[in-house]
Amino acid sequence: MIVTLVDYGAGNLASVERALERLGAATRRSESPDSIERAEALLLPGVGHFAALIRGLDVRGLREPLRAAIRRGVPFLGICLGLQALYESSEEAPDVPGLNIFDGSVQGLPADVKLPHMGWNRVRQLRESSALRGVPDGAYFYFAHSYAADGADSRVVATSCYGVPFAAVVERENVWAVQFHPEKSAANGAAVLQNFLRFPQ
Amino acid sequence: MTLTRRIIPCLDTDGARVVKGVNFVGLRDAGDPAELAARYNAEGADELVVLDIAASRDRRSTFLETIRNVAAELAIPLTAGGGIRTLEEARAVVLAGADKVTVNTAAIHDPELLSRLAEEFGSQAVVLAIDAKRDGKNWKVYARGGRDATELDAVDWAKKGVSHGAGEILITSMDRDGTLSGFDLALTAAISTAVRVPVIASGGAKSPLHFFDVFTEGRADAALAASIFHDGVQSIRSLKEFLASRAVEVRLPC
């Protein structure tokens, strides 16, 4: 399986590429709407601002090809901002429409904790998770974000807590999304990426 | 559930090799950056910092190569910096594989640099490094690797840096750096209580108790050290086991 990394112009794709290559996977970067349409598996990494990611996708004409690929059942993994982009909108940029794969909006973490939420936190598994197969409940992952999706939703398979509980892993059929950075989360992160590479075809 | 306290080894380099010195002077060779990075990654370091303390223009490409070599060894976050003056220089460091960039002197002269970096990479990728020295009841900020005194108060500068977009503060006590006499707890606590972003304490670490103190009394979110890790005086694993035994939450790799 070749993993196509969605390149929207701002993300640092190199660390995800290195992590996948370490697991023996082949990767390529999306260069055009075509490359999304042909992809066997898609990975949307993301750091920075919600609006920058969405505008980066729109400017390159990648929004509709991405939504179509997800509807076709192409395995999809969103990381960090790549999770948040799947929702209708984000408080970080209320006027910028998200990819609208999941209902609901992304909210800022509470103001009474230090932000960004940056560092290693535990991930609690609420139900059986394909992304976390083989990863112990309560395992540590590396986070770096100030916004998050609601942890109470039925698609949320694992949560983390920082001021409030929030969605750490969201799964719906072929769409997996994680708020942490598996590519920077040592052995536990590698396990999540390995699970994605073994996504049932 | 809460964030663990982070242990961060730091590789001070002359661009190509890891070097070390006391109170910012008297440098000597301490090893290969990629080799040390691989070791710390395996030992359970939570992040790694690599700094170009020479920061000379003509060796910039060498340092970028060092970042690439270090990043290739890591499955944990990497912060890089030293002499970064512009958005373009920061971008080169990010493209070479750094997840975060540190800025120091350039931000003192142009605080808007922090805003430009935060806009481009997000605040979580912007670390304001501050070198500070005790001055009466307060601490003064020094520029150019501790060589030039400024008029800035360290606590005020940290607050201002955060308001301009810094997502983390790396505070180095010049009084303690290289002395192995423990972190400056008062300085670290003063910064940590003044800002709403994570604070990394640096300078003076030797014993596990020093780390315990900086995470409790010093209120640090992370602690950075160099030579005690490079020399094998202190293993990261045993340091973390000590902290865990004292009820400081740390990530213990299996």
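Data overview
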| quantity | calculated |
| --- | --- |
| Mean residue ellipticity (222 nm) of chain A, computed from DSSP H runs ≥ 4 via -39,500 (n - 2.57), nearest 500 | -7000 deg cm²/dmol |
| By average C-beta atoms within 10 angstrom, highest first, the peptides A:131-138, A:168-175 | A:168-175, A:131-138 |
| Among A:ALA190, A:ALA19, A:ALA152: highest mean-square fluctuation, GNM of chain A, C-alpha pairs under 10 Å | A:ALA152 |
| Dimensionless Rg/Rh of the protein assembly as shown - Kirkwood Rh, Rg from C-alpha atoms | 0.96 |
| Inter-part distance where the range B:160-238 and the range B:38-68 are each reduced to a Cα centre, Å | 19 |
| Residues A:ARG71, A:ARG18 arranged by fewest to most Cβ contacts within 10 Å | A:ARG71, A:ARG18 |
| Residue order, fewest to most beta carbons within 10 Å, for A:SER15, A:SER146, B:SER173, B:SER227 | A:SER146, B:SER227, A:SER15, B:SER173 |
| Alpha-carbon centroids, the range A:116-172 and the range A:1-34: separation in whole Å | 23 |
| Cα-based Kirkwood hydrodynamic radius, chain A, one decimal, Å | 16.5 |
| Per-residue Cβ neighbour rank within 10 angstrom, fewest leading, B:LEU78, B:LEU187 | B:LEU78, B:LEU187 |
| Computed helical MRE - 222 nm, chain B, DSSP H runs ≥ 4 contributing -39500 (n - 2.57), nearest 500 | -10000 deg cm²/dmol |
| Mean Cα-pair separation over length for the range B:11-168, i.e. relative contact order, pairs under 8 Å, 6 or more apart, % | 16 |
| Entries of B:LYS20/B:LYS160; A:LYS184/B:LYS133; A:LYS184/B:LYS137 with Cα pairs more than 32 Å apart | A:LYS184/B:LYS133; A:LYS184/B:LYS137 |
| Anisotropy class of chain B from Cα gyration tensor, a/c 1.5 cut | rounded |
| Average partner coverage of B:96-103, which counts Cβ from other chains inside 10 Å | 3 |
| Shielding score for A:115-125, defined as the mean number of other chain Cβ atoms within 10 Å | 6 |
| For A:141-148, mean number of other protein chain Cβ atoms within 10 Å | 3 |
| Calculated from backbone phi, Karplus (6.51, -1.76, 1.60) coupling profile of the range B:116-131 in Hz, x at Gly/Pro | 5, 5, 5, 5, 7, 10, x, 4, 5, 9, 10, 10, 8, 8, 10, 9 |
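Quick note: the coordinates plus some simple rules give every number you see, no bench work behind them. The structure presented is a predicted model; accordingly, all values stated were derived computationally and were not measured. In this analysis, Cβ positions are derived from the backbone assuming ideal geometry, glycine residues included, and neighbour counts consider all displayed protein chains.
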